[in-house]
Amino acid sequence: MDRGGCGVRQSDGKFFYGWVIAIASAIGVACNFALWVNATTGIFAGPLHADLGWTRDEVMKATLFASIPAILAGPVAGALVDRYGARRVLFLSYLLQVLVWGSFYWMGPSVDGLYLRYALVCILCHGTTNVSYVKLIGLWFNRRRGMALGIVLGGVGAGGALWSKLTQWLIDQYGWRMAYLLMAAIIAVIVLPLLMILVRNTPAEKGTFVDGLPPTPGVAHQATLRGYSLAEVTRIPHYWLLVASLLLIGIAIQAVQINMVPLLGTRGMPPQTATTVQASLWIAIVFGRLSTGWLMDRYFAPRVAICYMLAPMIGFVLFATQSGVGVSLLAAVCMGLAAGAEIDVIAYLVSRYFGLRFYSRIYGTFYATFGVAAFIGPYYASRIATHYGNDYTPALWACLATLVLGTVLMLFMPRFPEELPAA
């Protein structure tokens, strides 16, 4: 029997199904639309330029149309998850994602078609993002919530590494149009059926309890029913402090993450080598999220985040001052550690500071904030590089300063509340 119900077994000795939920969710997260935007936009930029004549800036501008709608789409998706459960929202969202991704095959010569598709995938498919999965994990886990979130959100790193290499291979083998179509087919044939078979909204649907433990006074109730409403959290100062910190950190990290392949291309690195460097960043994300999850179950989460932000600061300096494959790989790994920490930490902090009663819609506002950062950072880094003759160095130094400021804000986060308001 697992002592305290904290491991893989329930109090009755049976395997705790929550870990199946965590692994299935990691697979789903690895194929969500936001990760696809981050991992593939820079890779498609070259082929789209060669075939349709669109500049790198025009292609990177598409991230705007996949980011700004998230200001509304994130909270709306969260509200739908809170009301209907994650499973229904996931099914519809991935189905729509298949249709939108497949439509890239028929894209015409106008860049407006690219922008329209990026906007549609954000508006219609936001339920495929962390917004759905983090609420799901919150309902299944309390004591090991940090570790479970680390497993789930580690799927971002695994998916980023997979899509980086697979996308480049599909383009090389079949061309960019067929690459989009085959990527949609993977979601339709493998991911969507798998999620529908494995995912259940609550432990009760599998005849078990949170953490696999029978209810005890206070614990189960707080894990499922307590928390602030969205209107209430907007009046809490550390909600806005957390928003500002995530925005600044997200701008800095996303600027390099999405521009990785173009950045390395300006330094003469071949596309296949550049995608290998990018893949190393995504692999580091897996380690970053698993390790932060484990640490947050044991130490104060904002301090864990601050420690992890030291690595990308080193990465920015390396990218700005050095070149070469070896140094680029090291810098990418440093960046990946932070990219593995920020969303994992935010997901955990929202549950501890604001509760689970309206978790998805509250977390949706943070995911929307991250979406805005995912536009601002990559687009303006690309514009700055163009202004300086395809030199990303000034943008890298600006991102470093932004990252430092966002990290400093984390120092002012208060302790977790001892009790949250009841329903």
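Can you tell which of Val100, Val156, Val152, Val189 is over 21 Å from the mean Cα position of the chain (by Cα), more than 16 Å from Arg88 (Cα to Cα), of a type in the set (Val, Ile, Thr) and part of a helix (DSSP H, G or I)?
After ruling out the rest, the residue left standing is Val189.
Mind checking which residues of the range 231-245 are surrounded by 14 or more Cβ atoms within 10 Å (Cβ to Cβ) and not in a helix (DSSP H, G or I)?
Ile236
What's the number of the only condition in (1) hydrophobic (A, V, I, L, M, F, W, C); (2) modelled with pLDDT of 85 or more; (3) surrounded by 23 or more Cβ atoms within 10 Å (Cβ to Cβ); (4) under 26 Å from Arg144 (Cα atoms) that Ala311 fails to meet?
(3)
Looking at the range 121-147 only, could you name the residues that are closer than 19 Å to Ile362 by Cβ, of a type in the set (A, V, I, L, M) and surrounded by 24 or more Cβ atoms within 10 Å (Cβ to Cβ)?
Val131, Val134, Leu136, Ile137
Within the range 1-83, which helices (runs of 4 or more DSSP H) (wholly inside it) include 1 or more residues that are modelled with pLDDT under 85 and over 15 Å from the mean Cα position of the chain (by Cα)?
In the range 1-83, 33-52, 56-60, 62-65 are the helices (runs of 4 or more DSSP H) which contain 1 or more residues that are modelled with pLDDT under 85 and over 15 Å from the mean Cα position of the chain (by Cα).
Can you tell me how many residues within the range 168-183 are small (Gly, Ala, Ser) and out of contact with any Leu (no Cβ under 8 Å at 6 or more places or on another chain)?
Matching residues across the range 168-183 total 1.
Gln272 is checked against (1) farther than 27 Å from Val59 by Cα; (2) part of a helix (DSSP H, G or I); (3) of a type in the set (S, T, N, Q); (4) modelled with pLDDT under 80 and fails just one. What number does that condition carry?
All conditions are met except number (1).
Got at least one residue in the range 315-338 being more than 21 Å from Met269 (Cβ to Cβ), assigned to a helix (DSSP H, G or I) and at pLDDT 85 or above?
no
When you go through (1) without any contact (Cβ under 8 Å) to a residue 40 or more places away in the chain; (2) in a helix (DSSP H, G or I) one by one for Tyr299, which number turns out not to apply?
(2)
Among the listed residues Ile384, Ile376, Ile362, identify the single one that is surrounded by 24 or more Cβ atoms within 10 Å (Cβ to Cβ), out of contact with any Gly (no Cβ under 6 Å at 6 or more places or on another chain) and part of a helix (DSSP H, G or I).
Ile362
Provide a single number: the residues in the range 192-206 that are out of contact with any Leu (no Cβ under 6 Å at 6 or more places or on another chain), part of a helix (DSSP H, G or I) and crowded, with 18+ Cβ neighbours inside 10 Å.
Of the residues in the range 192-206, 2 are out of contact with any Leu (no Cβ under 6 Å at 6 or more places or on another chain), part of a helix (DSSP H, G or I) and crowded, with 18+ Cβ neighbours inside 10 Å.
The values are calculated or read from the model by the stated rules, or taken from the named source; none is laboratory data. Source: prediction; values computed, not measured. When we count neighbours, we look across all protein chains shown, and the Cβ atoms used for this are built from the backbone with ideal geometry, even at glycine.
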